[in-house]
Amino acid sequence: MAHSLNAKKRNRQNKKLRTVNRSRKQTLKTATKKVLGAVEQKSGAEAQTLMRELQAKLDKTAHKGTIHKNKAARRKSRMQKRVNALLKAGSAPQA
C-alpha cells in the first residue's frame, strides 16, 4: 500500500489509464476480428473498408502510447497482406 501522497496519486492515475488502455486494446481486437471475418467470408469490398478503419484505430492507439508504433505497423502490414491476398484471388481470371 502506498503511503506518500504522490504514490497514492500515481496509483489513482495508473488505475484510470489502465481502464483507458484496456478499452483501446479491446476496440482494436474487435476491429481486427471484423476484418478477419470479412476475409473469411471472402467479402473484398467490406474487408477493404474495415481495413481502413482498423488502420486508423491502430495509428491512433499507437499515437496515444497504448501500443508501440512498430507493433501497430506490424499489425497493419499483416492484416493488409490478408486483404490483398483476398482481393488478388477475387480478381484472378477463372479458367
Task: Amide H within-cut-off set for residue 67, under 5 Å, with H built and near neighbours excluded - done: 62
- [ ] Pull up the cross-link candidates among the lysines for residue 33, meaning alpha carbon to alpha carbon under 16 Å and not fewer than 8 places away within one chain.
- [x] 25, 42, 57, 76, 81
Open item on the list: Give me the three principal axis extents of the chain from the C-alpha atoms, as integers in angstrom, largest value leading.
Closed with: 74, 21, 17
Task: Computed over the range 5-90: relative contact order in percent, which uses C-alpha pairs under 8 Å that are six or more apart - done: 29
- [ ] For residue 71 and residue 11, calculate 0.36 nm times their separation in residues minus their Cα-Cα distance, and state this gained length in nm to one decimal.
- [x] 18.9 nm
Open item on the list: 7 Å from Cα along Cα→Cβ at both residue 80 and residue 45: what's the point-to-point distance in nm?
Closed with: 2.3
TODO: Considering only 18, 82, 52, give the residue with the highest GNM mean-square fluctuation for the chain, with springs between Cα atoms whenever their separation is below 10 Å.
DONE: 18
Task: Inter-part distance where the range 1-18 and the range 66-86 are each reduced to a Cα centre, Å - done: 34
- [ ] Provide the net charge surrounding residue 85, with neighbours chosen by a C-beta distance below 14 Å and charges set as Lys +1, Arg +1, Asp -1, Glu -1.
- [x] +4
TODO: Given the options 61, 27, 19, state which has the largest fluctuation in a GNM of the chain using a 10 Å cut-off (strictly under) for Cα springs.
DONE: 19
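Coordinate-derived values only; no laboratory data. It should be emphasised that the depicted structure is a prediction, and the values quoted were computed from it without experimental measurement. Cβ: placed from backbone, ideal geometry, glycine included. Neighbour counts: every protein chain shown.
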